[in-house]
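Let me begin by presenting the structure, written as structure tokens, before commenting on it.
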Amino acid sequence: MTTFKRIPDAGTLTGKTALVRVDFNVPMENGLVTDDTRLRAAVDTVQSLRTAGAKVALLAHFGRPKGERVAEMSLAPVAGAFSKVLGAIVSFVADCKGEHVKKAIADLPPAGVILLENTRFYKGEEKGDMELAKEIAALGDIFVNDAFSAAHRRHVTTAVLAELLPAYAGVTMEAELDALDKALGNPQRPVMAIVGGAKVSSKIDLLKNLVSKVDMLVIGGGMANTFLFARGYSVGKSLCERDLVDTVKEIEANAKASGCEILLPADVVAAKEFKALAAHRVCGLAEVQDDEMILDAGPASVAALAAAMDTAKTIVWNGPLGAFELAPFDTATNAAARAAGARAKAGKLVAVAGGGDTVAALNHAGAAPDFTFISTAGGAFLEWMEGKALPGVEALKR
């Protein structure tokens, strides 16, 4: 299991200042936070540090100001929103370095919390600039990273600070890393990966990594069409990357060599129009007509997938099995999600999922609460599934 330092490893924190990287890149409208999910995710870490006697200085980015001060991208409104979520006063300082920031932190009461200004107002943040890192590091005694969603970037406040200060994983980061280790790092086998979505081209690295790591790889969504086409099936006017046939065959060959079984749809739901409630039919793989498109996996495919789940001990999921945004082409995704969730809830397997469309699909299916863990990290989750080292995580191993 990957080892990294956690907040309890920091020892006595009374009178010390913790610089905490959080993900406060929240949706806003007219200066108001419209979804406080990411704010709530930071509460456990902040309260843990406050209880230990530390002052907490929060570091975060918002939007893409590209190294310039952009008034509309100030984090000032977020301080008030986080105060409400935390149930304690969160002050704000319109900078993230300098003596005036150091004084603002010094003036905090014991266990006080302050939010610093958008770190991306400085060009050096995204460049991982060491001089900027030294200026920010001078504000605190320890660094806590609680933003897994930004861990795939080697920015000052996601990785470089860990080179200058004792570094620890926050509570949310800790839960994420522990869950990911259970999913692919040191999983209970057999391991099933479910990968869906529109295009093979966007997940080539992911597929190549997974076939060497898992026992069963389930492919759905538009990606499945390309695999079916490579196997010689006609897919009509379905979304299909015909130029990737050689890539698909290489992935299949690697899977066979690694002992990974690839599971494709056994039947499909076809329609002539891409719209909600379009006229549709269930048909076999050899029965798709030239003017039809495959928009979902069929009932036989779902039944086969559920049966395969009964042999698995771990499921890692990224991407829907069909056009889940359009009823009734959400049927396979909904059914499969509920099947996985039910087995996880019953303690029969570990089910970990992540990625924007995936989270939306599992919420849509009502299955999200039953999963063992759901990552909202997006790009970082995908790069982790691709087997890439994440700078923000690697830094915590030092």
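Taking first residues from the stretch 23-42 that are modelled with pLDDT under 95 and hydroxyl-bearing (Ser, Thr, Tyr) and partners that are open to solvent by 60 Å² or more (accessible area, probe 1.4 Å) and not in a helix (DSSP H, G or I), the Cβ contacts under 9 Å between residues at least 6 apart in sequence or on separate chains come to Thr34/Pro27; Thr37/Thr376. Going by what's in this entry, would Val350 be described as open to solvent by 10 Å² or more (accessible area, probe 1.4 Å) and closer than 30 Å to Val282 by Cβ? The answer is no for Val350.
Annotation: of all residues in the stretch 354-394 being within 17 Å of Ala323 (Cα to Cα) and among the hydrophobic types (A, V, I, L, M, F, W, C), the one that is surrounded by the fewest Cβ atoms within 10 Å (Cβ to Cβ) is Ala360.
Among Ile262, Ile204, Ile219, Ile194, which is the only one that is at negative phi, under 30 Å from the mean Cα position of the chain (by Cα) and at pLDDT below 95? Break it down into steps so the answer makes sense when it comes.
Details: Ile262 fails: at pLDDT below 95; Ile219 fails: at pLDDT below 95; Ile194 fails: at pLDDT below 95.
The conditions single out Ile204.
Could you please give the count of residues in the stretch 169-197 that are touching a helix residue (DSSP H, G or I) at 6+ places or on another chain (Cβ under 6 Å) and either free of Cβ contacts under 8 Å to residues at least 24 places away in the same chain or open to solvent by 20 Å² or more (accessible area, probe 1.4 Å) (or both)? The number of residues fulfilling the criteria is 2. Taking every residue in the stretch 269-284 that is of a type in the set (Val, Ile, Thr) and pairing it with any residue that is assigned to a loop (DSSP other than H, G, I, E, B) and open to solvent by less than 80 Å² (accessible area, probe 1.4 Å), at least 6 positions away or on another chain, the pairs with Cβ-Cβ distances below 9 Å are Val269/Gly298; Val269/Gly322; Val269/Pro328; Val269/Phe329; Val282/Gly298. For the stretch 75-95, check the following and say yes or no: at least one residue is among the aromatic types (Phe, Trp, Tyr), open to solvent by less than 80 Å² (accessible area, probe 1.4 Å) and modelled with pLDDT of 95 or more. Yes - at least one qualifying residue is present in the stretch 75-95. Confirm whether Gly355 is under 15 Å from the mean Cα position of the chain (by Cα) and closer than 30 Å to Lys127 by Cα. Yes; evaluated as a whole, the condition is true for this residue. Number of residues in the stretch 70-110 that are among the β-branched types (Val, Ile, Thr), free of Cβ contacts under 8 Å to residues at least 40 places away in the same chain and over 17 Å from Gly140 (Cβ atoms) equals 1.
Scan the stretch 329-385 for residues that are part of a helix (DSSP H, G or I) and among the charged types (D, E, K, R) and jot them down. Residues satisfying the conditions are Arg338, Arg343, Lys345, Asp357, Asp370, Glu383. The set of residues in the stretch 260-316 being closer than 27 Å to Lys345 by Cβ, of a type in the set (A, V, I, L, M) and exposed (fewer than 15 other Cβ atoms within 10 Å of the Cβ) consists of Ala300, Ala303, Ala307.
If you go through the stretch 198-214 and keep only what is in contact (Cβ under 8 Å) with a residue 60 or more places away in the chain and not in a helix (DSSP H, G or I), you end up with Lys203, Lys213, Val214. Residue count for the stretch 10-64 under the criterion of being open to solvent by 10 Å² or more (accessible area, probe 1.4 Å) and not small (Gly, Ala, Ser): the result is 27.
The values are calculated or read from the model by the stated rules, or taken from the named source; none is laboratory data. These numbers come from a predicted model, not from an experiment. We place every Cβ from the backbone using ideal geometry, glycine too, and count neighbours over all the protein chains shown. Heads up: the accessible areas ignore ligands, DNA and RNA and are worked out on the full protein's heavy atoms, side chains in. Shrake-Rupley method; radii C 1.70, N 1.55, O 1.52, S 1.80 Å.
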